[in-house]
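Notes follow the structure.
The values are calculated or read from the model by the stated rules, or taken from the named source; none is laboratory data. Keep in mind the model is a prediction, meaning the values are calculated, not measured. A quick note on method: Cβ atoms are made from the backbone with ideal geometry, for glycine too, and the neighbour counts reach across all protein chains shown. Ligands, DNA and RNA are excluded from the accessible area calculation, which covers all protein heavy atoms including side chains. Shrake-Rupley method; radii C 1.70, N 1.55, O 1.52, S 1.80 Å.
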Amino acid sequence: MVTGPTASGKTRRAVELATAIGGEIVSADSRQVYRGMDIGTGKDIEEYGSVPYHLIDICPAGSKYNLYEFLRDANNAIADISSRGLRPIVCGGTGLYVESLLNGIELPQVPENRELRESLRGRTLEELTGILASMKALHNTTDVDSAARAIRAIEIQTYYAAHPEAATQVSPHPVEGATVIGVSVERDERRRRISQRLQDRLKAGMADEVRSLLDSGIAPDDLIYYGLEYKFLTLYVLGRISRAEMENSLEIAIHQFAKRQMTWFRGMERRGHHINWIDAGDPYFLTKSLKLIEENDSK
């Protein structure tokens with residue numbers, strides 16, 4: 001597994017590793033699953049070269065992929081790759097996905113509750129956060145970064161309350177033998193990379209990508225739901241904020257997101273997951289990674 005914060009260069013390192021050991025990549029990115037959301041999610045498909053990848057471009061933009069679906073699809077992809085005698089390499093920075101996969105969690109599918117959603121319509125994010133906080137401890141901040149996500153989280157908790165037998169099915173079966181490699185970037189360098197990457201993506205037509213998605217019929221609220229680039233670019237394209245405000249707010253949000261990612265990874269380590277951190281610029285990154293895998297395989 002290759003993980004780390006945004007703009008650390010995870011994909012490039014995972015591709016190098018896959019090329020060296022005959023592997024295929026399973027994406028653990030919560031937004032790269034959506035078709036047509038390419039620049040904003042940083043798919044960088046050209047980086048994969050001839051290395052096969054999974055869980056990218058598997059859902060229509062506007063839909064709401066979730067943890068249940070990720071665990072189902074990732075485990076299916078991993079089983080398929082392994083059955084062909086190849087090495088699955090999970091690559092991504094969505095901490096909830098990464099840790100849940102390592103924990104071997106199996107979730108029941110929670111159906112949509114239209115009546116509940118209608119009753120929550122119009123509530124502020126602060127009100128929704130309060131409701132959710134009364135139902136569970138808010139360890140996962142992505143639950144409350146938009147009203148739509150908060151409503152879905154309330155929907156899930158309501159389902160578990162009404163079906164306690166489903167909640168008891170959520171039991172971890174930790175994956176054994178996984179080598180977790182973290183791509184480490186010093187804070188100032190990470191901030192520089194994030195700022196430069198944002199400008200590069202804006203020049204590459206990220207705003208036009210959002211316009212195209214909106215023109216295709218996707219509701220603005222559905223794009224805002226995805227947060228970060230799609231939230232602020234949608235507001236800008238709709239004329240609700242200026243370009244300067246969009247760029248400034250988005251850059252701040254991405255820096256904050258990267259900080260939250262690192263907080264999650266540190267939490268993972270406290271919860272017993274060993275992450276082998278290697279500096280992103282280390283010229284021996286691949287050699288060290290291969291050694292870690294070899295040592296782990298020999299245990």
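For G239, indicate whether it is in contact (Cβ under 8 Å) with a residue 24 or more places away in the chain and farther than 16 Å from G36 by Cβ.
Working: in contact (Cβ under 8 Å) with a residue 24 or more places away in the chain: no; farther than 16 Å from G36 by Cβ: yes.
Considered against the rule, which asks whether it is in contact (Cβ under 8 Å) with a residue 24 or more places away in the chain and farther than 16 Å from G36 by Cβ, G239 comes out as no.
Which numbered condition in (1) loosely packed, with under 15 Cβ neighbours inside 10 Å; (2) under 29 Å from L233 (Cβ atoms); (3) at pLDDT 95 or above is the only one that P60 fails?
Of (1) loosely packed, with under 15 Cβ neighbours inside 10 Å; (2) under 29 Å from L233 (Cβ atoms); (3) at pLDDT 95 or above, only one is false for P60: (3).
Pairs under 9 Å by beta carbon, first residue free of Cβ contacts under 8 Å to residues at least 24 places away in the same chain in region 272-284, partner of a type in the set (S, T, Y), six or more apart or different chains?
D282/S184
Please pick out the residue among Y284, Y226 that is hydroxyl-bearing (S, T, Y) and more than 21 Å from the chain's Cα centre (by Cα).
Y284
Checking Y225 against (1) modelled with pLDDT of 95 or more; (2) in contact with a helix residue (DSSP H, G or I) (Cβ under 6 Å, 6 or more places away or on another chain); (3) of a type in the set (F, W, Y), only one condition comes out false. Which one?
That leaves (1) as the condition not met.
State which residue pairs qualify: first residue exposed (fewer than 14 other Cβ atoms within 10 Å of the Cβ) and inside region 64-86, second residue not small (G, A, S) in any location, beta carbons under 8 Å apart, and separation of 6 or more residues or different chains.
The qualifying pairs are S82/P88.
Kindly indicate whether L125 is of a type outside the set (S, T, Y) and surrounded by 19 or more Cβ atoms within 10 Å (Cβ to Cβ).
On the way: of a type outside the set (S, T, Y): yes; surrounded by 19 or more Cβ atoms within 10 Å (Cβ to Cβ): no.
Against the criterion (of a type outside the set (S, T, Y) and surrounded by 19 or more Cβ atoms within 10 Å (Cβ to Cβ)), L125 does not qualify.
Exactly one condition in (1) open to solvent by 30 Å² or more (accessible area, probe 1.4 Å); (2) modelled with pLDDT of 95 or more is false for D282; which is it?
For D282, the failing item is (1).
What are the residues in region 248-271 that are basic (K, R) and either assigned to a helix (DSSP H, G or I) or surrounded by 15 or more Cβ atoms within 10 Å (Cβ to Cβ) (or both), if any?
K259, R260, R266, R270
Among the residues of region 89-102, is any surrounded by fewer than 20 Cβ atoms within 10 Å (Cβ to Cβ), at pLDDT 85 or above, assigned to a helix (DSSP H, G or I) and touching an Asp or Glu at 6+ places or on another chain (Cβ under 6 Å)?
no
Which residues, counting only those in region 7-28, are assigned to a loop (DSSP other than H, G, I, E, B) and crowded, with 21+ Cβ neighbours inside 10 Å? Even if it seems obvious, please write down each step before you answer.
Taking region 7-28 as the starting set, the residues that turn out to be assigned to a loop (DSSP other than H, G, I, E, B) are 7-9, 22, 28.
Listed by number, the residues that qualify are A7, S8, A28.
Across region 221-247, what is the total count of residues that are in a helix (DSSP H, G or I), open to solvent by 60 Å² or more (accessible area, probe 1.4 Å) and either farther than 23 Å from G93 by Cβ or among the aromatic types (F, W, Y) (or both)? Before you say what the answer is, go through the steps one by one.
So in region 221-247, the residues in a helix (DSSP H, G or I) come out as 221-225, 228-237, 243-247.
Next, from what is left, pick out any that are open to solvent by 60 Å² or more (accessible area, probe 1.4 Å): 221, 231, 243-245.
If we keep only those that are either farther than 23 Å from G93 by Cβ or among the aromatic types (F, W, Y) (or both) too, we end up with 221, 243-245.
Residues flagged as in a helix (DSSP H, G or I), open to solvent by 60 Å² or more (accessible area, probe 1.4 Å) and either farther than 23 Å from G93 by Cβ or among the aromatic types (F, W, Y) (or both) within region 221-247 amount to 4.
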